[in-house]
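Novice: Provided herewith is a single structure, encoded as structure tokens, for subsequent inquiry.
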Amino acid sequence: MSGTERSSEGLDLRRRRILFRSWHRGMRETDLLLGRFADAHVADLSEAELDGFEALMEAPDDRLYKWLVGTEAAPADFDTALFRRVLAFHQLRATS
């Protein structure tokens, strides 16, 4: 089961791959964090933001998870506007 709540219908190939990959990383906790963000925003991300999201998905799951939950600071090369957008998305979900 992927967990995605969004259909890939209507998405271009790159966005379909990103959506799939964000839900199939290997560590379920990270899948939930990246996958939910991708469900909500993959269709609206600019090409530069897609580049940033793909770069973020290259980080090792255990490190990425620590950065996203705040138990470890993200290194400068990952602490981007898109990373902060992912963080804000989950903080907003947690307070809603």
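Novice: Output the residues belonging to the range 66-85 that are closer than 15 Å to Ser22 by Cβ and at pLDDT below 95. Walk me through how you get there before you give the answer.
Specialist: Step one: list which residues in the range 66-85 are closer than 15 Å to Ser22 by Cβ, which gives 68, 82-83, 85.
Answer for the range 66-85, where residues must be closer than 15 Å to Ser22 by Cβ and at pLDDT below 95: just Leu68.
Novice: Another one. Just need a number here: residues in the range 48-72 that are out of contact with any helix residue (DSSP H, G or I) (no Cβ under 7 Å at 6 or more places or on another chain) and of a type in the set (A, V, I, L, M).
Specialist: Selection size over the range 48-72: 4.
Novice: Can I ask one more? Output the number of residues of the range 18-31 satisfying the condition of being surrounded by fewer than 16 Cβ atoms within 10 Å (Cβ to Cβ) and either closer than 15 Å to Val86 by Cα or in contact (Cβ under 8 Å) with a residue 24 or more places away in the chain (or both).
Specialist: Residues meeting the conditions: 3.
Novice: In the range 32-80, how many are of a type in the set (Lys, Arg) and buried (at least 19 other Cβ atoms within 10 Å of the Cβ)?
Specialist: First, the residues of the range 32-80 that are of a type in the set (Lys, Arg): 36, 63, 66.
Cutting the leftovers down to buried (at least 19 other Cβ atoms within 10 Å of the Cβ) gives us 36.
Residues that pass the stated criteria total 1.
The values are calculated or read from the model by the stated rules, or taken from the named source; none is laboratory data. What you see is a predicted model; the values in this text were computed from it and never measured. Quick reminder, even Gly has a Cβ in these numbers, built from the backbone with ideal geometry, and neighbours come from all protein chains shown.
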